[in-house]
Amino acid sequence: MTPEIAAEASVWVARLHGPDRSVRMERECLAWQERSAAHRLAFERCTEIWQEVAGVTLSSYARSASGEGASVARQAHLASRPVPWALALSVSFLVGLVILHPWRNVESFRTGVGEQQVVMLEDGTRMSLNTATRVRVELGRAQRTVSVEGGEALFEVAKDVSRPFIVQAAGTEVVATGTAFVVRLTPGDSPAAAAALAVTLVEGQVVVRDASSVDAGAARRSPVVMAPGERMRLDSRTGAGESGKQGSSLALAVAQVDRPRMEQVLAWKRGEALFDDVSLLDAVVEMNRYSAVPIRLAESGGLDELRVSGLFQTGDNANFARAVAALHGLDLQESSEHLTLATRQTRAR
């Protein structure tokens, strides 16, 4: 929220609480709020502050008012007719409070297994969190930063060239100003999945680079400028060599760029998982992200390399397992804790 928007919101709140309030004024205020999420947020915050300090008199404020709030207030789009001194003083008072109010600019968000959440950030950015996702958001004056600790999120970034939007994950930064992209981070803290990072650009342009916090003495990858439809992947299984150590920073991973099917990347937004000739192991790993009742594959029988295609509902592991069992002639053992797929020969033993 810029000082200019805060000033405009303060004008609206002061006018709506003044003696000249009218239906036309209310309609004009609603139209102003519809212009952007930042306008709506500014109006809400100004209204909250107005209510909080309703007991403060204008005369007491006039004796201690600073020049900063009044200076910003003069930048607002006031009505063309002369503004009464009481209204102008109210606006100055409110703008000063909005700018100096200690709003919490650092927030954390998380979703549980099978949950999704849509968050509107105060700058107007829309952040959609997929299952089991953890992020930390810090919106500063110079830049907007989101740290992804695990999971997957779609960022539809509000354009602000003066404040780049930076998503940090596992020692990597995605830098944007106004665009839409998906970041998916697999921490690699379980035997079923190696550490991996995928950045998929839906629209606009982003630059993917090593984070500035990475050891200056370490070898750095060249920044990758992505085009719409591209996906850049880092996987701890690439680039480390036989003696390489897999780590959450993915520092030794080699960047790979491809062009996936966008409807497949964004299928989770519709509560679906779309598979196109993937291994059964990969399909099971994906389905298990959404369910507290995981699917297990019997160790023998070569089930890992069976192929799977189709559209499935996330969170419904039972129906997925039944479909795979029917397709490949497998046995399925169901319990309240897990589902086990096995070849019939394995089951017979």
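Assorted remarks:
- Subset of the range 216-243 [at pLDDT 60 or above and in a loop (DSSP other than H, G, I, E, B)]: Arg220, Arg221, Ser222, Pro223, Ala227, Pro228, Gly229, Glu230, Ser236, Arg237, Thr238
- The set of residues from the range 126-146 being buried (at least 17 other Cβ atoms within 10 Å of the Cβ) and out of contact with any helix residue (DSSP H, G or I) (no Cβ under 8 Å at 6 or more places or on another chain) comprises Met127, Leu129, Thr133, Arg134, Val135, Val137, Leu139, Arg144, Thr145, Val146.
- Verdict on Arg134 being in contact with an Asp or Glu (Cβ under 7 Å, 6 or more places away or on another chain) and in contact (Cβ under 8 Å) with a residue 24 or more places away in the chain: yes
- Residues that are of a type in the set (Asp, Glu) and assigned to a loop (DSSP other than H, G, I, E, B), drawn from the range 18-39: Asp20, Glu34
- Only one of the listed residues (Glu48, Glu4, Glu8) is among the charged types (D, E, K, R), modelled with pLDDT of 70 or more, within 27 Å of the chain's Cα centre (by Cα) and closer than 23 Å to Asp160 by Cβ. That residue is Glu4.
- All positions within the range 244-260 that are at pLDDT below 95, over 18 Å from Thr186 (Cα atoms) and among the basic types (Lys, Arg): none
- Search result, residues across the range 297-315 that are closer than 28 Å to Val265 by Cα and crowded, with 16+ Cβ neighbours inside 10 Å: Leu297, Leu303, Leu306, Val308, Phe312, Thr314, Gly315
The values are calculated or read from the model by the stated rules, or taken from the named source; none is laboratory data. If you're wondering where the values come from, they're calculated on a predicted model, not measured in any experiment. Glycine gets a Cβ as well: all are built from the backbone with ideal geometry, and neighbour counts include every protein chain shown.
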